[in-house]
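Only the coordinates and a few stated rules stand behind these numbers; no lab work does. Note that the coordinates shown come from a computational prediction; the quantities given were computed from them, not determined experimentally. All Cβ positions, glycine included, derive from the backbone under ideal geometry; neighbour counts span all protein chains shown.
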Amino acid sequence: MSWLKYGFAVCLYLLQCTDAVFEDQVGKFDWRQQYVGNVRFAFFETHSQASKKLLVATEQNIFASLNSRTGELFWRHVDKTGPEGNIDTLLVHGQDAVVVVGNGRLMRCWETNIGGLNWEVVLDPGNFLTAAFVGVQDHVKYVAVIKQSAISFHYLSNGHQKWIENLPDSDTVQYQTVYSDGQGEVLVLGVVPNSHIVVIAYNIEDGEIMKQTSVEAPWMSSLEESCVVVGEGVLLCVDPITMSLYTLPLNSETMADMNQILLQSLDLEVAAGFQPVLTATQPNPAHPPLASFFLQLGPEHHILLNLNDNGIITTLRDFKPSRLAAFATSGEKTVAGVMTPKNETACSINLFTIDTGRRLLDTTVIFHLEPNGGKPSNLYIQAFLKKDDSVGYRAMVQTEDFALTFLQQPGRVVWSREEALAEVVTMEMVDLPLTGTQAELEGEFGKKADGLLAMVLKRLSSQLILLQSWIGHLWKLFYDARKPRSQVKNEITIETLSRDEFNLQKMMVMVTASGKLFGIDSKSGSILWKHYLENIQPNSAFKLMVQRTTAHFPHPPQCTLLVKDQETGLASLHVFNPIFGKKSQISLPTLPRPVLQSLLLPLMDQDYGKILLLIDDQYKVTAFPSNKNVLQQLQEAASSIYFYLVDSSQGRLSGFRLRKDLSTELIWEVVIPVEVQKIVAVKGKRPNEHVHSQGRVMGDRSVLYKYLNPNLLAVITESTDSHQERSFVGIFLIDGVTGRIIHEAVQRKARGPVHFVHSENWVVYEYWNVKARRVEFSVLELFEGMELYNSTVFSSLDRPHPPHVLQQSYIFPSAISTLEATLTEKGITSRHLLVGLPSGGILSLPKMYLDPRRPEGNLEQSREENLIPYAPELPIRTEWFINYNQTVSRVRGIFTAPSGLESTCLVVAYGLDLFQTRVYPSKQFDVLKDDYDYVLISSVLLGLFFATMISKRLAEVKLLNRAWR
Amino acid sequence: MASSGAAHISMSVLSTITLLFWAEFAHCNLNRRPSDALDTDFSVPVEHSFEIDDEPRFRRRGSLELRAGRESGVTISQSHLSEEDRSTLKEVAAVDGLYRIRVPRVSLQVDRQTEKQADGGYLTAFVKACALVESHLSDVITLHTDVTGYLIGVSIVTIPGTCRGLEVEDEVDLESFNTTLIVMAPVNAPMPETAGFIAALEMEREKKEKNPQEQKSFFAKYWMYIVPLVLFLMMSGAQDQSGGGNGGGAANGGGR
C-alpha cells in the first residue's frame, strides 16, 4: 500500500509541475529574434535576376542567408565560438559558397538555396593565408588554398584535392595573394618585407612550377594592404611614402622592375597620415579583373582610375567628398556605387559607369543617418538590369554600430537589422510610465497642498480630464469596431507607451558589447530607441543601474551605465532616460582614477534618485549625484555603509567602512591563497528580491527559520591543480559587512565552469564532476534553526550564532550554459530555476527538486511537507522547456523581472538570439483563465438572484395567507 | 515526538550535512604525523587595536599555541587587560568605535611552518567595541583555514552581539577575556548519493518479494469486484445500444 501511496504522491508532484504552453498560446506571450552578429563578408547572389539572397559571414562565426527583400533569415549555420569556428574567408560563385573555417582547419561548400552542405574537407595543418577560385576556360572549377607553406587545389564540385605543392622559401617569404585569370596557370605572390616580391606560376593541371621570379620592391611591407591586380594581369601597388603607384605586368615574359608612377603626375595627393587603399574588382574568377579601380586617398576622398593597355593611368572621376565606394556587377555590366555625404544627417549614393566615370541618371538614393547611430563603414551594392537594359540597384549600408540598412530607390529603407543585439552583455527592465491622465492624478497627490479650494478645483479638473479621456476611449472603441479587424493596428510608438493593468509590458534596456544601447518593448520586441556610444573600447565592462524608477512622477526615470575599460580601469558614466533613450543633461562627476567598485545605495536624494558611490583605486569615494543634500545624507548614514572589494589576482577580499568625510577605512580582510585556488566569481543577492516567508513549516508544524542575510556573498573558487583527483571547487559564504566566513566547503574532484545562483537563503551551483564525467548540481540552504535570534531586524554585526547549512547534490543529464532564478513581486510564488542549455532550450526547473531536505525514503512527515523523495538524478521533462521549439542559440544570460502579477515572472534570454516570455512557476493562481465561462457564472448569479426574489415574494404571500387564516 | 527532537532526527535522516557540530573545536588534523619526532610548540601572535581616533594601532593581545603531535591542536593564551586598556576600551565603546583583531597569515599545520613563513600580511576582523564591553569580554574567535590548513580568515563575534547601551560598572568584568577558539576547515560537499538510492530501491524490491501479497497488481487483487462490474456494464451497454440507436435517430431527425 505504501508503494501505491508513493506512486500517488509522485503523480501529484508531476501534475503540479506540468506547465507547458498550449498550441494556441504559441507566440502570444513570447517572441524570439534571431541575429547573426557583425557582418564581415557579404555577397548578393547574382546568378539570376530574381534572386533575393544575401549571403553573410560574421564575426560570431555564423554563415547565413538573408532574404534581401525582408531582412529575414532564410537559414543560418552557427559554428563553434572562438578561433576554432572563425570564418577565415567566404567565396561565392553561382550557387556555391565556399567557407574556410578555423584558421584553415576545414573548408566547406554550401548550397546557397537551402543552405545544405555540398561537401566538407579537412585541410592539411598550417596557417591559413588566402584562398581563391580558379577558372579554366570560362568555368570556375577549382579552389586554391594558400597556407603557410603549401598551396593546394581542390575541385569545386566535390572538394577533392587535385594537387598540393610546397611553396618555396616559405619561412622568409610571406605569400599573400593568389591570382588567376582563367588561363592555364595560377600565380602565387609573396613578399619579403622591405626587399622583394616573389611571383611563382603553377600549372593548374599538375601543380608544376612553371616560372619563378623575384622583383625588387624595397619599400613594400605587405602585399595584401597595398596591392591589387587590375586589368590584364597587372599588379598595382601604392606606396604612401614615395607617394607613387607601382605597376608590374605579371604575364609578360621578362619581369624586370616595377614601373613607378608618381601620384603627383596624376594630380593626386594623399591626405596626411592616411594609408591609401586600392580596390579592384574581378566579376568572374575565370576572367581577368577589370581595368578600372578605386584609389582612396583620404577618409573622405575616392578616385576612380583606369589602367589602359599601355600601362598609363587616367583619372576617370574624382569623388570628393566621398565616404564609401563599391563595385557591383549584374550580368555583363559592372558599375561603381559611391556614397557622398550630403549634410550632417544624410548621405547620397549614386551609380557611375566604370569605363567613363559618367554618373547614371536617376540612381540617387538618400541614406539618412540616425541621430545617435554609427557612421557608415561598408557599402554593398546589388545591381540588376531593368527591362530597358538600364541598371537599377539596391544598396546595403553597414554602419559602425553593426547595423545593416537595406535601401531601395529613391531612398526607402526596405529593412534594417540591428546586429549589435547578437552580443547583449547586460540588461534591465524598467516599468513603463503611466499615461498622461494617470500621471495627472498622481501629480496631484505628489504636490504640496495649497489651500482647500485650490485642491478641490484641482481634483475636479483632474476628474474632468479622466472623464474626457474615458469618453475618448469609448469613441475610439466604437470607431474601431466598424473597421475590419485587420486594419486595426495597435502600433507601439514611444508616444503611446503606457503601463498596462498588470505591469506585464516593460521597457527592456539592453547594453551590447559594441556600445550600442537599445530600448525594446517587452511585449512586441520592437526596438523603440537606440543610442550608440562612440569610443567604447572592445572588452569594456558594463554595469547598468536604475537610479530612479518610473514611480516618481514628474521626475523622469533615470538609468546609469558605468563603462569601464578593462585595461586601464578608467570608467565613464552615461546617464539616460530608459524610456526615451535620451541622454540626460545632468553634470557627471570626473573620474580621473580607475574605478574598483560601484554601489547603488538605497538612499535617495531629494529628487528620488538613488545615490551611486564609486570607489577608485585609492579608496576614495565619489558620490553621484553629488550635491549638498546627498552629502549630508551620506554623512548621516556613513557609519552604516560598508562595502567590499575583490582582488582575484591576489585572492584578497577586503571590507571597508565609509567615514563621515567620505574617506574609507579597511575593517576586514580575507585572503585565499592563489597558489591553491583562485576566485572565479563573487555574487551577492539581487537587491529587488523579496522573501515572503521567514521560515519553512515542517511536517510536525514547527517552523525552521531561514537565514536571510542580505549581505551574504557567495564566493566560488577553482583549484589551480587541475589533476583529476586533486581538483576541486570551493564555495565560501562570506558576510559582506563583517567579513565573517559563514560557511566553507569544497566540492572534491570537480571543475568549472561553475554557474550559480544566490537567492533567499540558498545557493545553487553547477560544476563538472571530473571523476564521473558528468554535470552536477548542488544546493546549499541556510537555516537559523527552530527560533530566530532577532526576528525584527537583521544585522550582520549582531548574529553571533552560525547558521545551519544543509547541502545535497544531484546529477544533471545535460551541460548548461547559464543559470538564473525566477523573481516575483512579493516572493510568494514558488521559485523555479531557469537553466539555459547549449542545445538552445531554456528549462524551467522547479526549485523543489533542488531541496537539501529531500528525504531518503518516504516518510510520513516529509510527505506532509511536500518534499519529494531523494533521487540522485534531476529529470528533464520536455514540458519544462519554456521556449518549446524556439531555440535560443548560444544563450549567454537570462534576465528575470517581476511583473505586477504575483504569479508572473518576465524572462528574457539573450545570446545570439533574444527570447522573451512569461513564466508562471505556481501557475496563474491570481488570474482567471482565458476560457473562463463568464456567461455561465453570471447567468447562475442572475438566476439565483431572481430565484431569491421570487421565493421571497412567495414566502411573503404564504405568510400573509397564513396570517389571514 | 517532541518538536525539536523531531527536527534533528529528520535532518539527520535526510542525509544532509548538519553543520551543528562541524567545527573542530581547537583541534587540527595532524594525527598522521608520528608524534614525538616534532613536538615543538609554535605560537602565533594575536593582536588587537581599539583607539578613539579609529586609526588601527595593533598591540599584542595573546597568542595562538599550535601544538604538534598526538595532542595536536590550537589553544589561545592571553593576558589580562591593563587598567589603561580597560578605560580606553570603555571610551571607544562610548563613541561607537571598533575593536579589531588581526593574526598573521600562517599555516596552522606545525610541520608546514617553515614553508610559507615569509609571506607577510595579516587577516583582520572587527567587532563593535560596545558589544565587546557589554558582553563582558566573552567572545568567539573563529579561525578559518583552506584545504591545506593555511589560514584564510578570522572572525570575532561576541555573545550576546548587541549594543544596548548598557553601562558596565564592574571593572572586574573587563579584566580578562573569556574566549572560545574555533578552528574551521572546509567541509567536503556531498556527492550525489547514487549508492544509497540504489540500495533503497533494492530494499524496496526485496520487501516486495518477501511479501507477495503486496506485489500483486491492482487488477489481480480486486478482480472479483471488477469482473462482475464490467459484465454488468457490458450487458446494460448492449441494451442501451439497441435502444440508444433509435433514440439517436430520433434526435437527429429532430435536429433537422
Residues other than A:SER693 with Cβ under 11 Å of its Cβ, Lys/Arg counted +1 and Asp/Glu -1, net out at +2
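Assuming 0.36 nm per residue, please report the length gained on full extension of the stretch A:GLU120 to A:GLU860 beyond their Cα-Cα distance. The partial results should precede the final answer.
Numbers: separation 740, 0.36 × 740 = 266.40 nm, distance 6.09 nm.
Working it through step by step, the gained length comes to 260.3 nm.
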extent check for segment A:368-428: Cα max minus min per principal axis, descending, whole Å, gives 53, 21, 18
If one compares the long axis through the Cα atoms of helix A:452-482 with the longest principal axis of the Cα atoms of chain A, the angle in degrees, nearest 10, works out at 60 degrees
Taking every alpha carbon pair in segment A:900-965 and sorting the distances into 10 angstrom bins from 0 up to the bin holding the longest one, the percent per bin comes out as 16, 20, 18, 15, 12, 9, 6, 3, 1
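Hey, can you rank A:58-67, A:353-362 by average C-beta count inside 10 Å, highest first? Mind showing how you got there, number by number?
Values: A:58-67: 21.8, A:353-362: 14.5.
With the highest mean Cβ count within 10 Å placed first, the list reads A:58-67, A:353-362.
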For the protein assembly as shown (alpha-carbon point model, no solvent) the Debye-based log₁₀ I(q)/I(0) at q = 0.07 Å⁻¹ works out to -0.95
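Within a 10 angstrom radius of each residue's Cβ in A:663-674, how many Cβ atoms of other chains show up on average? Whole number is fine.
Working: counts 0, 0, 5, 4, 7, 10, 9, 9, 10, 5, 9, 0.
Mean shielding count: 6.
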Sequence order, segment B:85-90: Karplus ³J(HN,Hα) from phi using 6.51 cos²θ - 1.76 cosθ + 1.60, θ = phi - 60°, Hz rounded, Gly and Pro as x, gives 4, 4, 5, 4, 4, 5
Helix A:2-17: inclination vs chain A longest Cα principal axis, degrees, rounded to 10, gives 60 degrees
Pseudo-spin-label distance A:VAL691 to B:ARG57, built 7 Å along Cα→Cβ, given in nm, is 4.2 nm
Taking Cα atoms, the helix A:934-964 axis meets the longest principal axis of chain A at an angle in degrees (rounded to 10) of 20 degrees
Partner aspartates and glutamates whose C-alpha sits under 14 Å from that of A:LYS458, ignoring same-chain residues fewer than 8 away, are A:GLU440, A:GLU442, A:GLU444, A:ASP450
Once both label points are put 7 Å beyond Cα along the C-beta direction, the A:THR364-A:ARG69 separation in nm becomes 2.9 nm
Expected unfolding gain across A:ASP169-A:TYR619 under the 0.36 nm per residue rule, minus the alpha-carbon gap, is 156.3 nm
In deg cm²/dmol, rounded to the nearest 500, the helical mean residue ellipticity at 222 nm of the protein assembly as shown, built from -39500 (n - 2.57) for every DSSP H run of length 4 or more, is -5500 deg cm²/dmol
Taking segment B:152-191, the whole-percent share of alpha-carbon pairs separated by over 16 angstrom is 62 percent
As straight-line cross-link partners of A:LYS476, the qualifying lysines (C-alpha separation under 16 Å, not fewer than 8 residues apart within one chain) are A:LYS489
Computed from the beta carbon distance with a Förster radius of 51 Å, FRET efficiency for A:GLU501 and A:LEU570 to the nearest 0.05 stands at 0.70
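Just to confirm a number: summing +1 for Lys and Arg and -1 for Asp and Glu over residues other than A:ASN61 whose beta-carbon lies under 9 angstrom from that of A:ASN61, what do you get?
So the environment of A:ASN61 carries a net charge of -2.
Take every Cα pair under 8 Å in chain A that's 6+ residues apart, average their separations, divide by the length, and report that relative contact order as a whole percent. List each step's numbers first, then the result.
On the way: 2127 pairs, mean separation 58.7, N = 965.
Contact order relative to length: 6 percent.
Within segment A:24-176, how many Lys pairs that are eight or more residues apart, or on different chains, come under 27 Å at the alpha-carbon? Each step should come with its number before you reach the end.
Numbers: A:LYS52/A:LYS141; A:LYS53/A:LYS80; A:LYS53/A:LYS141; A:LYS80/A:LYS147; A:LYS141/A:LYS162; A:LYS147/A:LYS162.
The number of close lysine pairs in segment A:24-176 is 6.
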The local net charge around B:VAL157, scoring Lys/Arg +1 and Asp/Glu -1 for residues other than B:VAL157 whose Cβ lies under 12 Å from its Cβ, equals 0
Ranked output for segments A:558-564, A:827-833, A:83-89, A:598-604 by mean other Cβ atoms within 10 Å, highest leading, reads A:558-564, A:827-833, A:83-89, A:598-604
One finds, for A:GLU205 and A:GLN409 with R0 = 51 angstrom and r their Cβ-Cβ distance, a FRET efficiency to the nearest 0.05 of 0.65
Extension length gain for A:THR315 and A:LYS628 (0.36 nm per residue less Cα distance), in nm, is 106.1 nm
With R₀ set to 35 angstrom, the calculated FRET efficiency between the beta-carbons of A:ALA637 and A:ARG701, to the nearest 0.05, is 0.25
